[in-house]
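Trainee: Provided herewith is a single structure, encoded as structure tokens, for subsequent inquiry.
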Amino acid sequence: MENQNIKITIIIAVFNGEEYIENTIKSVLNQKKKIDLIIIDGASQDKTVEIISKYKSKLHRFISEKDEGIYDAFNKGWNLADSNSFILYLGVGDQLKELPSDDKFTKADIIYGRVILNENTIFNSKIGFRLKLGNTLHHQALLVKKSLHPISPFDEQFNLYADFDFNQRLYKQNFTFIYDDVFLSYALPGGVSAVFDEQQSLKIVKKNYGVLLSVFAVIYYRLQNLKNLLM
């Protein structure tokens with residue numbers, strides 16, 4: 001039986017996403033658990049708003065207005081979510097496949113799972129030392145209690161990796177992270193962080209962990225690049 005005390009908010013950010021928005025919405029509405037669905041549209045000029053309007057009665061909130069990018073949209077959604085909810089973000093084209101089991105919500109501050117990147121690759125989110133160097137938690141399979149950070153969580157100066165910055169800040173505070181391999185989402189290829197920006201990533205590492213670790217991160221990135229070239 002579903003635990004009625006579990007509150008889940010899912011926020012979808014979209015701009016000119018007519019090709020994919022309906023699949024993303026349906027992937028949320030098809031879940032068995034009760035979900036508050038919030039959609040933040042950046043004043044789309046195509047048929048996105050028309051498509052979303054078909055589902056308006058099933059949405060918790062829907063806003064369509066100009067924004068400053070995906071993290072501005074995510075922050076707007078966060079501020080509209082119930083203060084007691086677990087929050088998950090999807091970009092247009094992403095899809096939620098399966099939410100965590102109920103028992104994980106009663107034990108965790110943050111729940112993380114797996115993300116399908118393509119038909120051959122599933123990314124297993126991780127915490128630990130590597131999160132200090134790179135973003136090993138993907139937002140498509142990450143549920144965070146709003147009460148951990150009641151105000152807008154994303155620093156919009158990081159236009160590509162504000163979620164990486166937020167994840168590091170959460171990890172530094174010793175909250176309870178719990179992994180659930182049942183928890184599964186799909187990430188549409190080609191999102192804002194698809195092309196690696198080393199300088200922005202290093203700036204985040206330096207901000208949260210200092211100069212020494214940012215130097216180590218440079219070495220780590222070089223080794224990763226070499227590994228990719230040899231594969």
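Trainee: Among the listed pairs LYS97/LYS203; LYS26/LYS104; LYS34/LYS132; LYS32/LYS146, give every one whose C-alpha distance is greater than 31 Å. Provide the component values of the computation, followed by the final result.
Mentor: Details: LYS97/LYS203 33 Å; LYS26/LYS104 24 Å; LYS34/LYS132 34 Å; LYS32/LYS146 22 Å.
Long pairs (Cα-Cα over 31 Å): LYS97/LYS203; LYS34/LYS132.
Trainee: Further question: Report, by chain and number, residues whose modeled amide H sits under 5 Å from the one on ILE122, excluding near sequence neighbours (fewer than 5 apart, same chain).
Mentor: LEU117
Trainee: Residue by residue through segment 46-59, which ³J(HN,Hα) values in whole Hz follow from phi under the Karplus form 6.51 cos²θ - 1.76 cosθ + 1.60 (θ = phi - 60°), with glycine and proline marked x?
Mentor: Running phi through 6.51 cos²θ - 1.76 cosθ + 1.60 with θ = phi - 60° gives 9, 8, 4, 5, 4, 5, 4, 4, 5, 10, 4, 5, 9, 9 Hz.
Trainee: Right, here's the next one. Counting alpha carbon pairs within less than 8 Å and at least 6 residues apart, what relative contact order, in whole percent, applies to segment 1-126?
Mentor: On the way: 196 pairs, mean separation 40.7, N = 126.
Once normalised by length, the contact order is 32 percent.
Trainee: List the aspartates and glutamates whose Cα lies under 16 Å from the Cα of LYS54, skipping any in the same chain that are fewer than 8 positions away.
Mentor: Within reach: GLU18, GLU19, GLU22, ASP41, ASP46.
Trainee: Mind checking which of LEU131, LEU142, LEU90 has the largest fluctuation in a GNM of the chain, springs on alpha carbons under 10 Å?
Mentor: Comparing LEU131, LEU142, LEU90 in a Gaussian network model of the chain, the most mobile one is LEU131.
Trainee: With springs only between Cα atoms under 10 Å, which of GLY77, GLY190, GLY210 fluctuates most in a Gaussian network model of the chain?
Mentor: Result for the chain, Cα springs under 10 Å: GLY190 fluctuates most.
Trainee: Determine the dipole magnitude for segment 8-194: charges of +1 sit on the beta-carbon of Lys and Arg, -1 on that of Asp and Glu, nothing else is charged, the reference point is the Cα centre, and the result goes in debye to the nearest 20. Spell out each step's value before the answer.
Mentor: On the way: 22 positive and 24 negative charges, 130 e Å.
For segment 8-194, the charge dipole is close to 620 debye.
Trainee: How large is ³J(HN,Hα) for each residue in segment 99-108, as worked out from phi by the Karplus curve 6.51 cos²θ - 1.76 cosθ + 1.60 (θ = phi - 60°), to whole Hz, x for Gly and Pro?
Mentor: Running phi through 6.51 cos²θ - 1.76 cosθ + 1.60 with θ = phi - 60° gives 7, x, 5, 4, 5, 5, 5, 7, 9, 10 Hz.
Trainee: For the chain, modelled as a GNM with alpha-carbon contacts under 10 angstrom, which of ASP72, ASP165, ASP103 fluctuates the most?
Mentor: ASP103
Trainee: To test your reading of the geometry: what angle, between 0 and 90 degrees and rounded to tens, separates the Cα axis of helix 162-172 from the longest principal axis of the chain?
Mentor: For 162-172 against the chain, the angle is about 70 degrees.
Trainee: Each residue of segment 199-212 in turn: what ³J(HN,Hα) in whole Hz from Karplus with 6.51, -1.76, 1.60 and θ = phi - 60°, glycine and Pro shown as x?
Mentor: 5, 5, 4, 5, 4, 5, 4, 4, 4, 8, 10, x, 5, 4
Trainee: With a ≥ b ≥ c taken as the square roots of the eigenvalues of the C-alpha gyration tensor of segment 149-198, please select rounded if a/c is under 1.5 and otherwise prolate if a/b is larger than b/c or oblate if it is not?
Mentor: Numbers: a/c = 2.06, a/b = 1.10, b/c = 1.87.
It comes out oblate by the Cα gyration axes.
Trainee: Which of rounded, prolate or oblate describes the chain when judged by the alpha-carbon gyration tensor and an a/c cut-off of 1.5?
Mentor: Working: a/c = 1.61, a/b = 1.36, b/c = 1.19.
Prolate shape, in that a/c is at least 1.5 and a/b is the bigger ratio.
Values quoted throughout were computed directly from the atomic coordinates according to the rules given, and no laboratory measurement underlies them. Since this is a predicted model, take the numbers as computed values, not measurements. Every residue, glycine as well, gets a Cβ built from its backbone with ideal geometry; the counts of neighbours run over all protein chains shown.
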